[in-house]
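The values are calculated or read from the model by the stated rules, or taken from the named source; none is laboratory data. Please read all numbers here as calculations on a predicted model, not as lab measurements. Here Cβ is always computed from backbone atoms with ideal geometry, including for glycine, and neighbour counts include all displayed protein chains.
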Amino acid sequence: MQPVFRTHGCRSGPSEADVPPCIHVAGSCGENELWSYGADTEVLLTSMVHYRAEVLAPYLRELAKNVSAEGVPTVRPLWYEFPRDLSAYDVDDQFMLGPLYLVAPVTQQGATNRTVVFPGGPEIRWQSIWDPTAIETGGTIKVIQAPIQTIPVYKRNI
C-alpha cells in the first residue's frame with residue numbers, strides 16, 4: 001500500500017523483446033508486467049491492483065490534492081496522526097496512508113506474522129481491509145497473522 005505502485009527496476013528474468021513497440025533501449029532489465037513474476041505472484045499482485053483501483057484511487061486523489069494545497073504528506077509516521085500516543089513515536093516499520101489506513105508491511109522473507117502497533121486510545125477501532133470481522137482496538141500491540149497474500153492493512157473507523 002503506497003501512493004505509487006510500480007514494478008520498475010532491475011531484476012533477474014527475461015529481458016524485454018527487441019520488437020516494436022518494446023525495443024529494449026533503456027536497459028530496463030527483466031520484464032515487469034504482473035504476469036512476468038509467475039502465476040502465483042500474478043494472483044497476489046492482481047488483487048492489490050484491483051483494491052487500489054476500486055477502493056483507494058479516489059482516496060489517493062484526495063490525499064494528492066491535500067499535499068498540493070496544504071503540504072500534508074500522504075505517507076505519514078504513526079505519531080503524525082497520533083501525537084498523544086507515546087508508543088507511536090518508536091514505530092519505524094509501519095506507516096499511515098493518509099489519516100485512515102494503517103500499513104504494517106512484512107519485511108522479513110518467509111515471515112507469516114508480525115507485531116503491529118495499533119495507535120490511538122480505546123475509542124479508536126482498526127478494521128482489517130481483508131477481513132472485516134478482524135477489528136483491533138487502539139492503544140494495543142498484537143502479533144498479526146500475515147501470510148504472503150495478506151499485507152496487514154487496517155482502516156481506521158472514526
Check off (1) of a type in the set (Ser, Thr, Tyr); (2) touching a residue at least 12 places away in the same chain (Cβ under 8 Å); (3) exposed (fewer than 15 other Cβ atoms within 10 Å of the Cβ) for residue 140 and give me the number that stays unchecked. (3)
What residue, of 150, 107, is in contact with an Asp or Glu (Cβ under 8 Å, 6 or more places away or on another chain) and modelled with pLDDT under 95? 107
Collect the residues in region 31-41 that are modelled with pLDDT under 85 and either acidic (Asp, Glu) or touching a Phe, Trp or Tyr at 6+ places or on another chain (Cβ under 8 Å) (or both), keeping them in residue-number order. 31, 33
Residues in region 70-121 that are without any contact (Cβ under 8 Å) to a residue 24 or more places away in the chain and closer than 19 Å to residue 135 by Cα total 3
Being at pLDDT 90 or above and more than 14 Å from the chain's Cα centre (by Cα) narrows it down to one residue among 61, 76; which is it? 61
Failed item in (1) over 21 Å from residue 130 (Cβ atoms); (2) out of contact with any helix residue (DSSP H, G or I) (no Cβ under 9 Å at 6 or more places or on another chain); (3) assigned to a helix (DSSP H, G or I), with residue 36 passing the rest: (2)
Look at region 128-158 and say how many of its residues are assigned to a loop (DSSP other than H, G, I, E, B) and aliphatic (A, V, I, L, M). 6
Regarding residue 111, is this residue over 13 Å from residue 155 (Cα atoms) and small (Gly, Ala, Ser)? yes
